[in-house]
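Take a look at the structure below.
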Amino acid sequence: MALILYVVSVAWLALGVCIILYTEDTRGMLRGLLKQADLRLVAVLPLIFGLLLVAAAPASVYPWFVRLLGILGLLKAAFFFADPEGLVTRLNAWFLERLSDRTYRLLGIVVVILAMFFA
């Protein structure tokens, strides 16, 4: 189970570093992924990460926090799958088009910090 936490940690760490260092490129990649794909297919990623985090939480130093992040991932997957009143589409448009580069970099810092809790 600890191996799962290390894999998730490395994935989040890589994503956070890419957001910080290559803000425009990462935004373009996310834009291409989220605009072309069906939201139900995109919901699979937080579903998988949420299930992995919930299952591997006992192997962590902070199992309650890892379990909380896993449950939030599962809720995000359900929210993406349901897409009430097109809210996810509007949130994605806001996230991809109107969010400033500084805010993206702050998000990258938060992701790097969260990745450290898994290892």
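List the residue pairs whose Cβ atoms are under 6 Å apart, where the first residue sits in the stretch 19-41 and is over 19 Å from L87 (Cβ atoms) and at pLDDT 90 or above, the second is of a type outside the set (A, V, I, L, M) and surrounded by fewer than 12 Cβ atoms within 10 Å (Cβ to Cβ), and the two are 6 or more positions apart or on different chains. Pairs found: T23/D101. Within the stretch 97-119, residues that are farther than 28 Å from M1 by Cβ have Cβ atoms under 7 Å from residues that are of a type outside the set (D, E, K, R) and part of a helix (DSSP H, G or I) in these pairs: D101/T23; Y104/I19; Y104/T23; R105/I19; R105/I20; R105/T23, counting only partners at least 6 apart in sequence or on another chain. Filter the stretch 57-98 for residues that are within 21 Å of L34 (Cα to Cα) and among the hydroxyl-bearing types (S, T, Y) and give the result. Within the stretch 57-98, just T89 meets the criteria. Of all residues in the stretch 1-44, those satisfying the criterion of being of a type in the set (D, E, K, R) and in contact with a Phe, Trp or Tyr (Cβ under 8 Å, 6 or more places away or on another chain) are R27, R40. Name the residue, out of L107, L87, L91, L74, that is under 14 Å from the mean Cα position of the chain (by Cα) and over 17 Å from G16 (Cα atoms). The conditions single out L74.
Could you please find all residues in the stretch 1-44 being hydroxyl-bearing (S, T, Y) and over 29 Å from A59 (Cα atoms)? Working first, answer last.
Kept after step one, since they are hydroxyl-bearing (S, T, Y), are these residues of the stretch 1-44: 6, 9, 22-23, 26.
Across the stretch 1-44, the qualifying residues are Y22, T23, T26.
The values are calculated or read from the model by the stated rules, or taken from the named source; none is laboratory data. Computed from a predicted model, the values in this text were never measured in an experiment. Note: ideal-geometry Cβ built from the backbone for every residue, glycine included; neighbour counts use all protein chains shown.
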